[in-house]
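Below: one structure, written as C-alpha cells.
Just so it is clear, none of the values below were taken in a lab; they were calculated from the coordinates. Worth saying up front: this structure is predicted, and the values here are computed from it rather than measured. Here Cβ is always computed from backbone atoms with ideal geometry, including for glycine, and neighbour counts include all displayed protein chains.
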Amino acid sequence: MDSSVKRTILFLIFCAVGIVFIVRLVFLQLLDDSYLRSAQNNVLQEQTIYPARGLVYDRNKELLVYNDAIYDLTVIPEQVKNLDTAVFCKVLGITKDDFIYKFEKLKRSKGYAPFRPSLFEKQLTIPMYAAFQERLFDFPGFFVEVRTDRKYKHSNAAHIMGYIGEVTDKDIDRSNGYYRLGDYIGISGIERTYEKELRGVNGVKYILVDSKNRTQGRYKEGQFDTAAIAGKNITLSLDQVLQDLGEQLMKNKMGSIVAIEPETGELLALVSSPTYDPNLFIGRDRGNHYMELLRDPDKPLFNRPVAAPYPPGSIFKVLESLVGQQEKVLNPATSYGCHQGYLFVGCHAHSSPNQLRGAIAISCNGYFCQVYRSIVNNPRYNRVEDAYNSFYNHMASFGLGKKLGVDLYGEGAGFLPPTSYYDKVYGRYRWQALTTLSLGIGQGELGITPLQMANATASVANRGYYITPHIVKAIDGKPNPNPDYNIKHWSTVDTSYFPIVIEGMQDVVERGTAYIARIPGIEICGKTGTAQNPHGKDHSIFFAFAPKVHPKIAIAVVVENAGFGATWAAPIASILLEQYLTGKHDTRPALVERMLNGNLTHRNDSVATK
C-alpha cells in the first residue's frame, strides 16, 4: 500500500476517534446533566420553601383555620455516605429494620431520584427535631424541612373544612411536577375544592454544605433562590355560632341541617351528624384516627347533608302545590275530602274537606294524592308519560334529581324518578298515576338530599328562583369569582302561584302541624315531613324560611329514625332560626334543653365522633 494512502487512512481514523470524543464530551457537558448534578449535590442542597396555607374565616371574620409549624426529615440519597445507622435510628426512635423499610419504600415511590430530596420521616416531634439538629453533621444527606400543618380553632364544621393529607402517585402525576413525595394536598371539604387558592406557591433555597453536611451559607448569596408565595385567605359564608349550635342540637342524633341565605345562595350552616373533631386529622396520629372513623358503623366521615338521599315526605307537598297550579289542575279553591286516607294511603284524623291552604296546614295525605293524580292524569296530555314528564321537569327546575354544583366534594344527585325508570319497572304504557301514587306524599322512589331540600325552600322563599348554594363567600377579600354564584335559576312555575302556598306554610307554623316551631314576633313559613323508612323508624323532617317578607334564612332539618317532623326536626330548626334572626335562643329554655339532651342513638360518643 502506498505510504500516502496509509497516512490518509491513519489520519481519517484519528479524525473519527477525535469526532467520537468531541461528540461524547458535548453530550456529557451540554446535554446530559447527571454529572453536573452529581457535582452540585456534593456541595448543594435544594430545599423547598413551603408557603403558609391560606387562613379560613367565617362570614363574621371569626378565624376558623390557621397554621402550625411541623418538621419533616428529608433525604438526598446520593449524598448519604458513611452513615452511622445505629446512632441515626436511636435519634429517630426507629429500628434498623424500620430504616431499611423506609429507604426501600422511598425508592419505589413516584418521582424518586437519588439526587433529589425525598421525604424520609414526617412530622418529627419537637424533642426529636432538637436531637436531630444537634447531630446533623453525623448524618450527611439528611436535613429538616419546615412545613405547616392545619390547626382548627373550633372542633366543629369538619365536613366543611375537610382536611389535608399526603399526595398520592396520581396527585403527583396530575400536578405536572408541582407535588413530590411527602407533600400535602387537600383531601376533602374546602381544602380540596380550593386547593390551588389555599396552597400558595413553593419557593426554593439553595444551600452550600461541606463534606460533613455542615451548612456553609447560601449558594451565590441567594441569586437563584425563589421566595414562597403564601396561599390566599378564604372567607366562608358559614356562621360559626349557628354551626356550633346546630352541631350541639344534633349531638347523639343522626341526620343533617342545612341553612341557606336565600338571596345569595350562601350556606350559613351545614351539619352532618355524627361528626368528628377536625383536629383529629392533624399530627402523626391522623392515620390511626382516620381508620377509627372509617370503621365506625355510624359513618361519621359520610357528608350526609350533600350526599344522603332521603324520601322527603310531606315537605314535597309544597312543590306539588306549585306544580299543580302551574298545570292548571289546582287552584286555591280546589277542595277535596279525606276519610283518613285515599285508597291505600292513610292519613291522620282532621277536619274535612279542605281547600289548598288548609290542606297544606294540616298536611292532608288524601288531598295531595288527589292533586298528584290530577297532575299525572291531566287531560291536556295525550299520554300519562307526557303529563309525568311535565311534572318531572317542573320538579327538576327546583333543583331536584341533579347535583346543584355546591363547592364541596362528594355532592350527590338524589333521585327524581324519570319515566324511563317506571318503564323499566312496569313496562312502557303499563303504569299510571295510581301506580306511582306514593309520590304524591313524597314517598316511593324519591330521594332528596338535605341540601336539595334547603335549596328548594330557598326557591319558595325567593318566589321562584335559587342561586347555586356555596360555602366560600370571598377569596383574599374579593367576592367568589365563580359566575354560577350570581345566576338566578328560575323554576318553571309562575311567581303568581307562590303566595297561596306561602300562606299555607305560615299556617303550618301558626296553627298547623309545626305549631311547636312558632316564635312570637317572627313570621316563619314551614312544612313538616314524616318520611317512611323501610329500615326502621320514620325520619323527622322539616323545612322553613323566615321571615315571610324579605327572607333571611332558609333551613332544612332531617333527624333520622326520630318519628314525626314536629317532634324533633321542627323544634331544632326553630331554635336555629331564632338564633340567626335575633342573636339568641334562650326564650324557650325547656324546648332547647330537650333538644340538646335528646339521645336518639343510645350510644356513648367515642374519642373520634361527637
Going fewest to most other Cβ atoms within 10 Å around each Cβ, LEU294, LEU400, LEU238 line up as LEU294, LEU400, LEU238
If amide H atoms are modeled at 1.01 Å from N in the peptide plane, then the residues at a separation of 5 or more from ILE487, or on another chain, having amide H under 5 Å from its own are THR468
Residues other than PHE368 with Cβ under 12 Å of its Cβ, Lys/Arg counted +1 and Asp/Glu -1, net out at +2
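If we count other beta carbons within 10 Å of each Cβ, what is the order of HIS339, HIS489, fewest first?
HIS339, HIS489
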Least to most buried among THR513, THR468, by other C-beta atoms within 10 Å and fewest first, runs THR468, THR513
If the label point sits 7 Å along Cα→Cβ of ILE487, residues of segment 398-442 with amide N under 20 Å come out as 398-414
Rounded to the angstrom and largest first, Cα extents along the principal axes for segment 240-597 equal 65, 46, 43
Contact order relative to length for the chain, counting C-alpha pairs under 8 Å separated by 6 or more residues, stands in percent at 14 percent
So, with points 7 Å from each Cα along the Cβ direction, the PHE224-HIS535 label distance in nm works out to 5.9 nm
Treating only Lys and Arg (+1) and Asp and Glu (-1) as charged, each at its beta carbon, one finds that the chain has a dipole about its Cα centre, in Debye to the nearest 20, of 620 debye
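Suppose we look only past 31 Å in the calculated P(r) of the chain. What percent of the Cα-Cα pairs does that tail hold? Each step should come with its number before you reach the end.
Numbers: 109725 of 185745 pairs.
It works out to 59 percent of all Cα pairs.
Filter the trypsin sites (Lys or Arg not before Pro) in segment 241-341 down to the DSSP loop ones having no more than 14 other Cβ atoms within 10 Å, then list what survives. Intermediate values should be presented prior to the final figure.
Details: sites: LYS251, LYS253, ARG284, ARG286, ARG295, LYS317, LYS328; in loops: LYS251, LYS253, ARG284, LYS328.
When the trypsin sites (Lys or Arg not before Pro) of segment 241-341 are filtered for loop state and at most 14 Cβ neighbours within 10 Å, ARG284, LYS328 remain.
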